[in-house]
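Bear in mind these aren't lab numbers, they're just calculated from the coordinates by the rules spelled out. Remember, predicted model here, so these are calculated numbers, not experimental data. Cβ coordinates were reconstructed from backbone atoms using ideal geometry, including for glycine residues, and neighbour counts include every protein chain displayed.
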Amino acid sequence: MRRYLGISVVLLGLLFLLPLITVTTHVVLRETGVGTKREVKLVEPEIELLPQGETDGSYTIRVLLGDEVKTMTMGEYLQGVVRAEMPASFEQQALCAQAVAARTYTMYKMSSGGNHGNTADICGDHTCCQAYLDKETAMSNWGDNAQAYEAKVENAVALTDGQTILYGGQPILAVFHSSSARTTKRAGEVWTNDLPYLQSVESPEGEGVPNYYSRAEFTFAEFKKMFLQAYPEADLSGPVSGWMKAWVIGDDRNVESVTVGGISVRGTKLRTIFSLRSSTFEAEVADGKIVFFVTGYGHGVGMSQYGAQQMAKDGKDWKEIITHYYTGVTVAVHTPERFS
Ligand SMILES: [Zn+2]
């Protein structure tokens with residue numbers, strides 16, 4: 001396990017790149033023949049709220065929220081993560097899979113020392129650990145669906161009480177992302193090392209995902225300025241058509257590397273420089289601009305949240321979702337070492 005710990009340092013800033021997704025509670029229908037728009041509210045039916053699970057309720061963890069360290073049960077903490085990390089409008093089984101991934105990630109952090117020394121086990125900053133949203137804030141955001149959504153979130157944690165993703169008996173680095181470009185990415189394609197359980201697998205989401213295809217365009221001057229900021233030694237003096245070449249594309253269409261101005265750069269680095277939604281992209285020169293065409297959203301490793309949602313819609317349960325996205329794992333009830 002130790003040899004895998006090094007990767008976590010590199011991963012810290014990259015893990016949960018998806019910002020909070022605004023939950024859409026309205027759909028717009030067009031009434032055919034009339035040409036007017038009508039707003040239809042999707043109000044979820046009432047759901048029975050389950051009590052907190054015994055295992056997750058049996059111990060507390062310390063969560064750094066802003067400047068304050070709050071002590072709460074694992075169950076209460078995970079509810080806050082699910083509220084923040086996945087739209088509560090998603091299927092119950094997708095939310096359950098999210099709860100299991102979040103629990104596992106938390107266990108991994110606790111067993112590897114985490115990012116906060118003796119101060120806290122984990123924090124609520126998604127650029128560091130995992131996003132966290134308290135019940136009051138989430139419910140005021142959810143409006144008419146607040147009761148039903150909160151019940152789904154709390155039930156996602158309760159229905160998967162203690163369930164943790166294990167490889168070699170240890171909690172895995174259970175990273176996840178918003179949407180894949182039909183396949184997920186190997187950890188080594190995006191970060192430094194591969195992990196046996198973070199392989200490339202097929203993912204069923206597609207055009208139905210909001211902004212699944214996106215584009216980002218830059219004038220030649222903008223491109224040059226942004227790239228030279230990161231790589232001042234690059235030579236972008238020649239014709240624009242020759243600025244990007246020697247594209248290395250993976251089987252999953254991920255950009256592994258491109259040579260820009262004579263420097264070989266990883267696709268993930270270009271993603272960062274140009275704020276692209278993923279490292280699955282193509283680029284072309286058109287109308288005096290360099291245009292990136294991007295598929296999916298997020299780092300692409302581990303569970304795809306929109307893929308989980310599609311699998312749940314297709315009748316798969318949370319365990320089938322988890323074992324699909326994390327290769328060769330088992331799932332079992334687990335508690336952190338210091339409590340077991
Ligand atoms: Zn943190």
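Can you list, bin by bin at 10 Å, the percent of alpha carbon pairs in the range 213-295, starting at 0? Binned Cα distances yield the sequence 19, 58, 22, 1. Farthest toward the positive end of the dipole of the range 192-254, out of G208, A234, N193, is the Cα of A234, where the dipole comes from beta carbon charges about the Cα centre. Net length available on complete extension from Y59 to F293 is 79.6 nm, with 0.36 nm assigned per residue and the Cα-Cα distance removed.
Calculated FRET efficiency, V69 to L49, Cβ-Cβ distance, R0 = 25 Å: about 0.35 to the nearest 0.05. The HN-Hα couplings worked out from phi for the range 226-243 by the Karplus form 6.51 cos²θ - 1.76 cosθ + 1.60 (θ = phi - 60°) are 5, 6, 5, 4, 7, 9, x, 7, 5, 9, 10, 8, x, x, 4, 4, x, 5 Hz, whole numbers, x standing for Gly and Pro. In the chain, the longest principal axis of the Cα atoms and the axis of helix 2-11 are about 70 degrees apart. Residues whose amide H comes within less than 5 Å of that of T164, counting only those at least five positions distant or on another chain, are A332, V333, H334 (H built at 1.01 Å from N in the peptide plane). Every helix of 4 or more DSSP H residues in the chain counts as -39500 (n - 2.57), and over all residues that averages to -9000 deg cm²/dmol at 222 nm. Taking all Cα pairs closer than 8 Å and separated by 6 or more residues, the relative contact order of the chain comes to 21 percent. To test your reading of the geometry: what angle, between 0 and 90 degrees and rounded to tens, separates the Cα axis of helix 74-85 from the longest principal axis of the chain? Tilt of helix 74-85: around 40 degrees. Taking the Kirkwood radius as Rh and the Cα radius of gyration as Rg, the chain has a ratio of Rg/Rh equal to 1.00. Within a straight-line Cα-Cα reach of under 29 Å, K245 can be paired with the following lysines, leaving aside sequence neighbours fewer than 8 residues apart in one chain: K185, K224, K225, K269, K289.
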